[in-house]
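Since the structure comes first, as structure tokens, the remarks are kept for the end.
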Amino acid sequence: MSILSERFLTIPPRRRYWYVQLMYLIVSCTLVSIVLWLPLNREWLSDSISRFYSQRERLDQKTDVAERRQEGYVQAYPYIDLIRQRCQPNDYFLIPPQRYLIRNAYKLGRSTGYNWLYPSVLYYHLGKSVQLLDMTASDSLLQRATHTFWVFENKIFLLTFKEHNRPLVMGEFKKYDPHFFAYTPEQARTYYKSKP
Amino acid sequence: MTLSVAYLIVTQFLIGFGVLARLRPVTKGLSLLGLSMLAGLGISSVLPFVLQFAHAPIARFPMFIGLGLLAALSLLLLRGQFTYLRDVFARKQFMVHLYELPFLGFWAYLLFISAWKCAWYPNLPFDTIVGPDLIATFAVRERTLISSVFTAHLPSVSVFSNQPFYAPFTAMQQILYLLAAGGIGTFAFGKLWLTVMVLAFGLFFYADMRERIHPLLAGLLVTMLACSPELFAYTFLVQTDWANAAFFVVGVMLLQRYFDDSQRSTLLAATLFFAFACWIRTETILFVFIGSALLFAKSLRSSPGKAVLKASMLTVACLLPFIFWNYIFLRGYVVLPASTHLGTLQTVSGNYFTNLFTIYGKMTDTVLLHDTYWNYSVWAFLAFTTLNFSFFRSKQGLPILIWILGIYGLFGLLIMHIEGANVPFTFRRGFFKILFLMYFYLGYTTLFQRITNWLFQWEEKTLSQASINL
């Protein structure tokens, strides 16, 4: 082996140790470079990982907890904030059937499948700031509902129940299966594209 | 980092350190450090239950007193362990070679952004915010584990996930870290434990590998493994699967050590980690049976009686957290909503084996060989394993292959029989266990052992030639 040439053998052991280390270093650098050069790894690093670093550059200045929540729950917060602003702890918010929103305002929620509508997600965000009711509650309990979401011209509004609109809203909501839930956007899309 | 968060991490480490120093399952300082942190995370997750049963509030002060007491008790176990600790923490044990720096640099690059994402964002995965973090947030807010989630919310809604009933470890870590952060600062969302756990497991995994094969090869293997996008994603998304895989794989690694060194304390440490894995994900108990069977088979030749005893001990120890959570706490202490169906078995219609093989086919096509999830890590495993078997037909590391195939086989049965278990979610994330084991196996193969021997011989020869010449 050339490394064991006469000249190399005259080098003091300590320096020689470092020569070995240096050779290994060249090998390890080469190995890391090869692994990172492989197409899928390269794509992952230049796409996902560098996107995460750009995200950090953009967001790291925001240290406020509320701002960070807002950024994280960007899909749910417009609706959560609306309920928070308009409802009191003794109000009853009726969770509309998810199918109702998918059928009538699919475009608004197609990226989430309206996951924010899931009862435990609403409870996670809202806690006791409002009483949640779902469509499987008894009729007498449903009568207590004070607010819900209603779709009008492809937009979602917070509706306050009045004597005149209650039968219309309840009648419309009861057309949809309350037990159905699309956990993924794909499931929501499948339902949306199925016949009404 | 706030003082309270630092206190929590230090006490968790000390809790694990005392126990592990007494059990002595490892001989290297880096392995002991990683393992101690993991054990501390596991043991401290029991503390909220102790407070709950003692009618103490789930609040910062009682929790910190409890952590302090546990750490002090654990440190008492250090008595008489001085010689062991001196050897384990000898300076030589911590030496990092120059050539390891490129690997360490790359992992640091990945870990840094993972840690930032983990800390900066609130909990985002659906399963987490309707499961462990829902329980943790309300337990902290209402100062009790029996919060309004169990008493008011879940009984009043018809659609709810089984995530709140899944397993307690993740929720308990969230509780501890939410209390420590107090809702403010960088770590306000209580997710720091995930980064701590990933670091601790990574440290142990790498230290264990470089103990058996040349650090150059260990670095290469861990780098291949690190380039698995799906595995990486869950280093900053709080779920049960990464933690479950980490604790389970540590159990397998320690059990393998026990097969090599036959030290009873190593078996005890392995049992402890298997029990924690069951504490993290309930269905893990099914996979532990593979370990019990291997333990039985290994010990059978020396003593059939002891073989039964050891296998039973492992199974019973892992059943304890399973029974405590599912039957004592959930069905005894907490009243489950009437519509809860936990672990319901589903009937199989049509030909049993056709269905089963369809599931295995789907597992292979959509998860195992899915490049987007694992990049080259699975292909590298398959390539190196084929090379190993082509050149050396040795049985080296055979128990690890049995683990891999056994887990794969059981996952198919689980998906077929348990309602809610599926390939795209349950198996995809359950695959983390298999992936870690694949790389643990590679470190055991004759192929890597031979290359290691060749490298060390070359080093020795090169350096000794110098001495002779001098």
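The values are calculated or read from the model by the stated rules, or taken from the named source; none is laboratory data. Bear in mind the structure is a predicted one, so any value in this text is a computation, not a measurement. Heads up, the Cβs are rebuilt from the backbone with ideal geometry, glycines too, and the neighbour counts pull from every protein chain shown. Ligands, DNA and RNA are excluded from the accessible area calculation, which covers all protein heavy atoms including side chains. Shrake-Rupley method; radii C 1.70, N 1.55, O 1.52, S 1.80 Å.
Does the range A:141-160 include one or more residues that are in a helix (DSSP H, G or I) and either within 14 Å of chain B (Cβ to nearest Cβ) or closer than 16 Å to A:Ile83 by Cβ (or both)? Give the derivation first.
Going residue by residue through the range A:141-160, those that are in a helix (DSSP H, G or I) are A:141-142.
From what is left, the residues that are either within 14 Å of chain B (Cβ to nearest Cβ) or closer than 16 Å to A:Ile83 by Cβ (or both) are A:141-142.
Yes.
Among the helices (runs of 4 or more DSSP H) confined wholly to the range B:93-143, which include 1 or more residues that are more than 10 Å from chain A (Cβ to nearest Cβ) and within 29 Å of A:Ile34 (Cβ to Cβ)?
B:101-120
Within the range B:236-247, which residues are outside any helix (DSSP H, G or I) and open to solvent by 10 Å² or more (accessible area, probe 1.4 Å)?
Selection gives B:Phe236, B:Leu237, B:Gln239.
Any idea how many residues of the range B:166-207 are of a type outside the set (D, E, K, R), within 12 Å of chain A (Cβ to nearest Cβ) and within 25 Å of B:Phe248 (Cα to Cα)?
1
Count, please, the residues in the range A:4-45 that happen to be at pLDDT 95 or above and more than 7 Å from chain B (Cβ to nearest Cβ).
Selection size over the range A:4-45: 10.
It is to be established whether one or more residues within the range B:398-415 are open to solvent by 60 Å² or more (accessible area, probe 1.4 Å), part of a helix (DSSP H, G or I) and farther than 23 Å from B:Phe287 by Cβ.
The answer is no; no qualifying residue exists.
Taking the stated definitions as given, is B:Tyr84 modelled with pLDDT of 95 or more and on the phi < 0 side of the Ramachandran plot?
It is false that B:Tyr84 is modelled with pLDDT of 95 or more and on the phi < 0 side of the Ramachandran plot.
Among the residues of the range B:450-468, are any open to solvent by less than 40 Å² (accessible area, probe 1.4 Å), within 14 Å of chain A (Cβ to nearest Cβ), under 29 Å from B:Phe357 (Cβ atoms) and among the hydroxyl-bearing types (Ser, Thr, Tyr)?
For the range B:450-468, residues open to solvent by less than 40 Å² (accessible area, probe 1.4 Å), within 14 Å of chain A (Cβ to nearest Cβ), under 29 Å from B:Phe357 (Cβ atoms) and among the hydroxyl-bearing types (Ser, Thr, Tyr): absent.
Only helices (runs of 4 or more DSSP H) wholly contained in the range B:248-335 count here; list those with 3 or more residues that are modelled with pLDDT under 95.
B:284-300, B:304-323
Against the definition (part of a loop (DSSP other than H, G, I, E, B), more than 28 Å from B:Phe106 (Cα to Cα), away from every other protein chain (no Cβ under 12 Å) and in contact (Cβ under 8 Å) with a residue 40 or more places away in the chain), how does B:Ile146 come out, yes or no?
yes
Step by step: first the residues of the range B:22-57, then only those that are surrounded by fewer than 24 Cβ atoms within 10 Å (Cβ to Cβ) and of a type in the set (Val, Ile, Thr), then the one that is farthest from B:Arg91 (Cα to Cα). Which residue is that?
B:Val50
Has the range B:417-438 got any residue that is surrounded by fewer than 16 Cβ atoms within 10 Å (Cβ to Cβ), away from every other protein chain (no Cβ under 13 Å) and not aliphatic (A, V, I, L, M)?
Yes, there is a match, as at least one residue in the range B:417-438 is surrounded by fewer than 16 Cβ atoms within 10 Å (Cβ to Cβ), away from every other protein chain (no Cβ under 13 Å) and not aliphatic (A, V, I, L, M).
Would you pick out the residues in the range A:137-193 that are among the polar types (S, T, N, Q) and over 25 Å from the mean Cα position of the chain (by Cα)?
Within the range A:137-193, A:Ser138, A:Ser140, A:Gln143, A:Thr146, A:Thr160, A:Asn165 meet the criteria.
Tally time: how many residues in the range B:376-397 are under 22 Å from A:Leu40 (Cα atoms) and outside any helix (DSSP H, G or I)?
Qualifying residue count for the region: 1.
Residues that are within 24 Å of the chain's Cα centre (by Cα), aliphatic (A, V, I, L, M) and surrounded by fewer than 19 Cβ atoms within 10 Å (Cβ to Cβ): does the range B:80-102 have at least one?
no
Starting from residues that are outside any helix (DSSP H, G or I) and crowded, with 24+ Cβ neighbours inside 10 Å, keep the ones in the range B:188-209 and report whichever is nearest to the chain's Cα centre (by Cα).
B:Lys191
Within the range B:159-174, is even one residue assigned to a loop (DSSP other than H, G, I, E, B) and more than 28 Å from the chain's Cα centre (by Cα)? Lay out the reasoning, then the answer.
As a first pass, look at the range B:159-174 and keep what is assigned to a loop (DSSP other than H, G, I, E, B): B:159-162, B:166-168.
From what's left, more than 28 Å from the chain's Cα centre (by Cα): B:159.
Scanning the range B:159-174 turns up at least one residue that is assigned to a loop (DSSP other than H, G, I, E, B) and more than 28 Å from the chain's Cα centre (by Cα).
Based on what the data block shows, is A:Arg58 within 7 Å of chain B (Cβ to nearest Cβ) and charged (D, E, K, R)?
Against the criterion (within 7 Å of chain B (Cβ to nearest Cβ) and charged (D, E, K, R)), A:Arg58 does not qualify.
Out of everything in the range A:103-125 that is surrounded by fewer than 18 Cβ atoms within 10 Å (Cβ to Cβ) and within 14 Å of chain B (Cβ to nearest Cβ), what residue ends up being nearest to B:Ala136 (Cα to Cα)?
A:Thr112
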